[in-house]
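See structure below.
The values are calculated or read from the model by the stated rules, or taken from the named source; none is laboratory data. Note that the structure is predicted; figures quoted are calculated from it, not measured. Please note: Cβ atoms are built from the backbone with ideal geometry, for glycine as well, and neighbour counts cover all protein chains shown.
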Amino acid sequence: MKIALASLLVLLAACAYVPVDVESDATARTGGRTWTWLPRSPVARGEAAFAVIDERVRAAIERDLAARRFKKVEKERPDYLITYYAALDKPIASDAITYAAGVPASAKFVASYPQGSLVIDVLDAKTGKLIWRGVGRRVFSADQTPEDRKQRIDDAVASVVDEFAPS
């Protein structure tokens, strides 16, 4: 019985694992605690299920940042601007998600982020410069049930946000 329970726990932990890659700017100012969404059009526009995915990803990011004592602000100037990109049915070319202020100096050149990736970007609100990028791999797949997709989004966001702001 104990062996079966231990095996089940290992299996459940493995299901929640989301591989994460991080790029960051070591010279960027850190320590801010306020943020807001970067206004932008979603990369995954045209995907029929995107509205549901957008709602789930945003809710997960807001929940996980709040759990780490980050405050979402609407009227005051934030420390950070946050956005995300979902590679639902095809890869996302990295040049499709560059910013006028550039990418982190330490960023590795990546031609694209593979299908199934969730990219979360953190920009310095004062400069508009991308200071941190976390990429969750194997988040989205065509054969997911809505429940599986919701759980995978929650797991991915938790893994990525934990890299940005460990609890």
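Things to note:
- Of everything listed in (1) β-branched (V, I, T); (2) in contact with a helix residue (DSSP H, G or I) (Cβ under 8 Å, 6 or more places away or on another chain); (3) at pLDDT 80 or above; (4) within 24 Å of I131 (Cβ to Cβ), the single unmet condition for V52 is (4).
- Here L65 clears all of (1) in contact with a Phe, Trp or Tyr (Cβ under 9 Å, 6 or more places away or on another chain); (2) outside any helix (DSSP H, G or I); (3) touching a residue at least 60 places away in the same chain (Cβ under 8 Å) except the condition numbered (2).
- Screening A96 against (1) surrounded by 14 or more Cβ atoms within 10 Å (Cβ to Cβ); (2) over 17 Å from P166 (Cα atoms); (3) touching a strand residue (DSSP E or B) at 6+ places or on another chain (Cβ under 9 Å); (4) modelled with pLDDT under 90 leaves a single unmet condition, (1).
- Qualifying residue in region 99-115 (condition: more than 21 Å from A28 (Cβ to Cβ), outside any loop (DSSP other than H, G, I, E, B), modelled with pLDDT of 95 or more and over 15 Å from the mean Cα position of the chain (by Cα)): no
- Whether a residue is over 21 Å from D124 (Cβ atoms) and modelled with pLDDT of 90 or more was assessed, and R63 passes this test.
- Check on D54, farther than 21 Å from D155 by Cβ and either touching a His at 6+ places or on another chain (Cβ under 8 Å) or surrounded by 15 or more Cβ atoms within 10 Å (Cβ to Cβ) (or both): no
- Considering only residues in region 130-167 that are in a strand (DSSP E or B) and not aliphatic (A, V, I, L, M), the one that is farthest from the chain's Cα centre (by Cα) turns out to be W132.
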